[in-house]
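Participant: Sharing a structure below in structure tokens format, with a few things to ask.
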Amino acid sequence: MATTAIDGPRLEAFMGQAVVDLAAAFSAPLVRLGARLGLYRALAEGGPTTPTELAERTGTEPRMVREWLGNQAAGGYVTYDDATGRYSIPPEQAIALADKESELYLLGAYDILASFFADEDRLVEAFRSGAGLSWGEHDDRLFAGTEAFFRAGYRQHLVPSWLPALEGVVEKLEAGARVADVGCGHGASTIIMADAFPASSFAGFDSHRGGIERAREAAAEAGVAERVRFEIAGADALPVEGYDLVCLFDAFHDLGDPAGAARHLRETLAPNGTLMLVEPQAGDRPEDNLNPVGRIFYAGSALICVPHAISDSDGHTPALGAQAGEAALRTVLEQAGFRSVRRAAETPFNLVLEARP
């Protein structure tokens, strides 16, 4: 370092970026507090307010709320009117921060972030030992946060656009099809499909017992329990029941042996059945993913996906990771015997692959 020439403007630009990143990181716990204490919702429902008024609405300490509001205004999450001394939340921010039913609700991501810090010691050991870290070993906030964060995108795209992009699948679902949702977690994707297609039957599978138990509760709450079952099983142990559609939502890249799982999943399909993979959006080369979305996905991959895949593998299968890219996914599916693999749909955050045996 002592003998390396330092480019002053480049150093200054990096330090500016680092300060922005630190400001966001320091503010993340305050975002979670804003959700847990109902501060965002109170702002959205009550209109412009002083710190004291917001504290009265939410049963919180006025002096602490004043600092919270200052942080949120500095970050652009709320606005401040210096003429009146009042704070408000714009409707666009309210959609993402105050409405849990919104398709753009962001707070699940902050629960995931909290789990990362709670799991730091386990992750240090995973990096050093190479033994990985399974999904079920993580802090509980990861599970609820993942369900809340991904459910928003599934509600927005799954029934309106992803399923219709698959050849003949919606017609089968409307007539009555058998569907398996592999790696279903808390069952959000399974329940969304079951609610939209009452003539079909759905089975959700996951290796995490806690997720399956919560999925069963969620199905009962949604009123679809009679047509949905949830079972503990990995992708390589799925019952061979002739499914018309097998889905994996943001889960295929987490598997310890994706090639072996793909071969087994092909065997579980009915004649003319369809495998749908919903995967994180990614290019095929590292340089294609050096952007803010790729930065988020690489973080999730390093802290969740790859550690789990390693823990679930035989020690010889390389983990795909969340930024595997379409070419790598296609290669695994074709080697597993799928004769037709195509990109059926995509969003800025997901790509959807259709595979047919």
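The values are calculated or read from the model by the stated rules, or taken from the named source; none is laboratory data. All of these numbers come straight from a predicted model, not from anything done at the bench. All Cβ positions, glycine included, derive from the backbone under ideal geometry; neighbour counts span all protein chains shown. Calculation scope for accessible area: heavy atoms of the full protein, side chains included, ligands and nucleic acids excluded. Shrake-Rupley method; radii C 1.70, N 1.55, O 1.52, S 1.80 Å.
Participant: If you take every residue apart from ALA261 with its C-beta less than 12 Å away from the C-beta of ALA261, what net charge results, scoring Lys and Arg +1 and Asp and Glu -1? Intermediate values should be presented prior to the final figure.
Facilitator: Details: positive: ARG263, ARG266; negative: ASP236, ASP254, ASP257, GLU267, ASP312.
Local charge sum for ALA261: -3.
Participant: What does the charge add up to near GLY168, with Lys and Arg as +1, Asp and Glu as -1, over the other residues with Cβ less than 14 Å from its Cβ?
Facilitator: On the way: positive: LYS172, ARG342, ARG356; negative: GLU167, GLU171, GLU174, ASP244, GLU354.
Net of charged neighbours comes to -2.
Participant: Output the 0 to 90 degree angle, nearest 10, between the alpha-carbon long axis of helix 62-74 and the longest principal axis computed from the alpha carbons of the chain.
Facilitator: The angle comes out at about 70 degrees.
Participant: With everything on Cα atoms, drop me the angle between helix 8-36 and the longest principal axis of the chain, reported from 0 to 90° to the nearest 10.
Facilitator: 80
Participant: If you roll a 1.4 Å probe over the heavy atoms of the protein chains, what accessible area per residue do you get for the chain, in Å²?
Facilitator: Numbers: 17730 Å² over 357 residues.
Ligands and nucleic acids excluded, the figure is 50 Å² per residue.
Participant: Still on this model: Could you tell me the relative contact order of segment 69-154? Use alpha-carbon pairs under 8 Å, at least six residues apart, and round to a whole percent. Don't skip to the answer; put the middle values down first.
Facilitator: Details: 86 pairs, mean separation 23.5, N = 86.
Rounded, it is 27 percent for segment 69-154.
Participant: Of ILE310, MET276, ALA215, whose Cα points farthest to the positive end of the dipole of the chain (charges on the beta-carbon: +1 Lys, Arg; -1 Asp, Glu; origin at the Cα centre)?
Facilitator: Projecting each Cα onto the dipole axis, the largest value belongs to MET276.
Participant: Given contacts defined as C-alpha pairs under 8 Å and at least six residues apart, what's the relative contact order of segment 271-356, whole-number percent?
Facilitator: Answer for segment 271-356 is 43 percent.
Participant: May I pose another question? Given an 8 Å cut-off on Cα distances and at least 6 residues of separation, report the relative contact order of segment 87-204 as a percent. Mind showing how you got there, number by number?
Facilitator: On the way: 128 pairs, mean separation 26.5, N = 118.
It rounds to 22 percent for segment 87-204.
Participant: Among 55-62, 289-296, how do they line up from the highest to the lowest mean number of other beta-carbon atoms within 10 Å? Don't skip to the end; give the middle numbers.
Facilitator: Values: 55-62: 15.4, 289-296: 13.5.
Answer by packing, highest mean first, reads 55-62, 289-296.
Participant: Another question, if that's okay. By DSSP, what percent of the beta bridges with both residues in the chain are antiparallel, rounded to the nearest 5?
Facilitator: Numbers: 16 of 36 bridges.
For the chain, the DSSP antiparallel bridge percentage is about 45.
Participant: Between segment 1-58 and segment 295-337, what is the C-alpha centre distance in whole Å?
Facilitator: 32
Participant: Still on this model: What's the magnitude of the charge dipole for segment 283-330 around its Cα centre, counting Lys and Arg as +1 and Asp and Glu as -1 at the beta-carbon? Answer in Debye, nearest 20.
Facilitator: Working: 3 positive and 6 negative charges, 23 e Å.
The dipole magnitude comes to about 120 debye.
Participant: While we're here: Would you indicate which of [x] 21.6; [y] 18.3; [z] 16.8 is the value of mean projected area of the Cα convex hull in nm² derived from the coordinates of this structure?
Facilitator: Recomputing mean projected area of the Cα convex hull in nm² here picks out [x].
Participant: Quantify, in whole percent, the carbon and sulfur part of the accessible surface of segment 79-171 (1.4 Å probe; protein heavy atoms only). Don't skip to the end; give the middle numbers.
Facilitator: Details: 2620 of 4950 Å².
About 53 percent, which is the carbon plus sulfur part of the accessible surface.
Participant: Could you sort the peptides 297-303, 181-187 by per-residue average Cβ neighbour count (10 Å cutoff), highest mean leading? Mind showing how you got there, number by number?
Facilitator: Values: 297-303: 19.7, 181-187: 27.0.
In descending order of packing, they fall as 181-187, 297-303.
Participant: A follow-up question, please. State the percentage of accessible surface on segment 196-332 attributable to carbon and sulfur atoms; use a 1.4 Å probe and exclude ligands, DNA and RNA. Before the final figure, lay out each step's value.
Facilitator: Values: 3060 of 5840 Å².
In segment 196-332, the share of accessible area belonging to carbon and sulfur is 52 percent.
Participant: Moving on to the next point. GNM on the chain, C-alpha springs below 10 Å: top fluctuator among GLU120, GLU137, GLU287?
Facilitator: Largest GNM mean-square fluctuation: GLU287.
Participant: Report the charge-dipole magnitude of the chain in Debye, nearest 20, computed about the Cα centre from +1 at each Lys and Arg Cβ and -1 at each Asp and Glu Cβ.
Facilitator: Numbers: 30 positive and 51 negative charges, 38 e Å.
Rounded to the nearest 20 debye, it is 180 debye.
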